[in-house]
Amino acid sequence: MALSILGIAGMLLLESCALNPLAWQPEEKPAFAGKLSLNEKLSTTERIWLNGWYGPEDIVFDKEGNLYCGVHSKEDDFTDGRILKIDPLGKVDVFLNSSAWVAGLHFDSNGNLIALSHKLGLISIGPDKTVTVLASKDEKDRPFLIPNGLDIGADGKIYFSNTSHESAYTVKYGRKLILELRTAGGLYCYDPFTGKVETLLDGTYFGNGVVLSADESHLLMTETEKYRILRYWLKGERKGNTDVFMDNLQGFPNGISIRDNGTYWLGFSTKRNDALDRIHPNPGMKKFVYALPNFLQPKQELFGMILNISQQGNVINALFDTTGKFVPEAGAVKEFNGNLYIGGDIVSYISTYKLE
């Protein structure tokens with residue numbers, strides 16, 4: 001018995017040494033009040049099942065109204081994947097065997113599907129399904145291992161985030177990033193005319209969703225770990241500068257998309273965890289938690305949360321499923337023809353919500 005206890009203690013110590021966390025004191029979590037008062041609006045959603053696939057992290061539509069999303073093979077396995085195509089009647093087909101989970105998706109002006117592959121990096125998929133690798137590394141030869149969100153400017157430039165250049169995505173590695181709270185990955189611009197990548201931000205706190213403003217004077221990027229949205233200026237006197245667009249959010253921000261009126265839909269993986277906020281100032285406690293076996297690890301709470309935010313970063317409206325029964329997460333949010341299409345990292349379907 002003594003040897004078993006010593007063995008367990010040794011394993012915990014070894015596992016804790018794999019984490020090198022920084023202390024951080026989050027601001028007090030804001031209340032769900034005013035325009036953020038809790039509701040159950042997302043309980044009216046319907047589902048588009050994905051034939052056993054998981055993880056529609058981003059959603060895009062072509063001119064014919066077909067929906068495209070990237071998926072992976074199992075709820076906790078991100079090593080293999082496909083791009084699915086769903087027609088307006090709900091028929092699900094495999095559009096491309098990508099052999100990897102594909103996150104960000106966007107059509108360019110030539111009808112190519114620009115995508116972020118977790119194996120190849122930034123790729124272009126032609127109408128004939130020919131795949132061209134546009135960029136797999138940054139200027140410092142660091143690979144895009146968890147490329148995440150993207151948008152394309154009117155001039156054809158592609159803006160995208162990469163959460164990490166150190167490891168492919170796993171649930172455990174995602175937990176490590178959140179607990180360590182060290183910058184990784186970055187925000188980038190790919191110029192299709194020169195074929196070069198420019199690093200706009202070197203190191204982010206779980207850089208995630210990316211969207212250009214209506215006038216393309218700036219872009220927004222969610223930083224999941226720090227409950228905030230950054231704004232990077234592309235034009236004007238502040239060109240090249242970064243500021244905080246929204247801070248101290250009520251949850252873990254993930255995907256962000258623009259509406260026709262210039263406001264944004266912001267999706268969340270889940271709401272904030274009080275226990276996590278309490279241990280963030282204590283690196284030793286974070287090391288202990290990271291070393292715990294998987295069955296003792298804190299689990300992501302099922303909680304659907306979407307905000308409509310103004311061009312100035314104010315909340316206009318909020319949609320919730322506090323039970324998580326209908327929308328367990330809302331990592332991807334895209335509006336099309338009067339409906340919201342909602343996905344996430346591990347869900348096996350796309351939720352549809354008819355806008356009022």
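Details
- Answer residue from region 204-218, given it is touching a strand residue (DSSP E or B) at 6+ places or on another chain (Cβ under 6 Å) and more than 18 Å from Leu116 (Cα to Cα) and is most open to solvent (accessible area, probe 1.4 Å) among those: Tyr205
- Selection within region 150-186 - touching a residue at least 60 places away in the same chain (Cβ under 8 Å), part of a strand (DSSP E or B) and closer than 19 Å to Lys226 by Cα: Ser161
- Evaluation of Phe206 against (1) within 20 Å of Glu166 (Cβ to Cβ); (2) out of contact with any helix residue (DSSP H, G or I) (no Cβ under 6 Å at 6 or more places or on another chain) (one fails), failing number: (2)
- Here is the figure for region 187-209: residues that are at positive phi and in a strand (DSSP E or B) total 1.
- 2 or more residues open to solvent by 10 Å² or more (accessible area, probe 1.4 Å): qualifying strands (runs of 3 or more DSSP E) within region 68-135: 77-86, 92-96, 102-107, 131-135
- Here Val315, Val333, Val347 are screened, and the one residue that is open to solvent by 20 Å² or more (accessible area, probe 1.4 Å) and either of a type in the set (Val, Ile, Thr) or closer than 14 Å to Asn254 by Cβ (or both) is Val315.
- Filtered residues of region 265-291 (kept if closer than 19 Å to Phe32 by Cβ, in contact (Cβ under 8 Å) with a residue 24 or more places away in the chain and not β-branched (Val, Ile, Thr)): Trp265, Leu266, Gly267, Phe268, Ser269, Lys271, Arg272, Asn273, Asp274, Leu276, Asp277
- Annotation: Arg272 fulfils all but one of (1) over 16 Å from Leu220 (Cα atoms); (2) under 16 Å from the mean Cα position of the chain (by Cα); (3) surrounded by 21 or more Cβ atoms within 10 Å (Cβ to Cβ); the unmet one is (3).
- Residues being farther than 19 Å from Leu266 by Cβ and acidic (Asp, Glu) - total across region 41-73: 3
- Members of region 346-356 that are at pLDDT 95 or above and outside any strand (DSSP E or B): Val347, Ser348, Leu355
- Count of region 45-57 residues, restricted to those that are open to solvent by 30 Å² or more (accessible area, probe 1.4 Å), closer than 22 Å to Gly209 by Cα and in a loop (DSSP other than H, G, I, E, B), is 1.
- Where strands (runs of 3 or more DSSP E) fall wholly inside region 215-333, the ranges with 2 or more residues that are of a type in the set (A, V, I, L, M) are 218-223, 228-233, 242-246, 251-258, 304-309, 315-321.
- Note on region 275-308: among residues that are among the aromatic types (Phe, Trp, Tyr) and more than 17 Å from Leu319 (Cβ to Cβ), the one that is surrounded by the most Cβ atoms within 10 Å (Cβ to Cβ) is Tyr290.
- Entry remark, region 184-202: residues being touching a strand residue (DSSP E or B) at 6+ places or on another chain (Cβ under 8 Å) and farther than 14 Å from Ile146 by Cβ number 12 in total.
The values are calculated or read from the model by the stated rules, or taken from the named source; none is laboratory data. Everything quoted here is computed from the prediction, not taken from an experiment. FYI the Cβ positions are ideal-geometry reconstructions off the backbone, even for glycines, and counts take in every protein chain you see. Side chains are part of the model used for accessible areas, which takes the heavy atoms of the whole protein and leaves out ligands, DNA and RNA. Shrake-Rupley method; radii C 1.70, N 1.55, O 1.52, S 1.80 Å.
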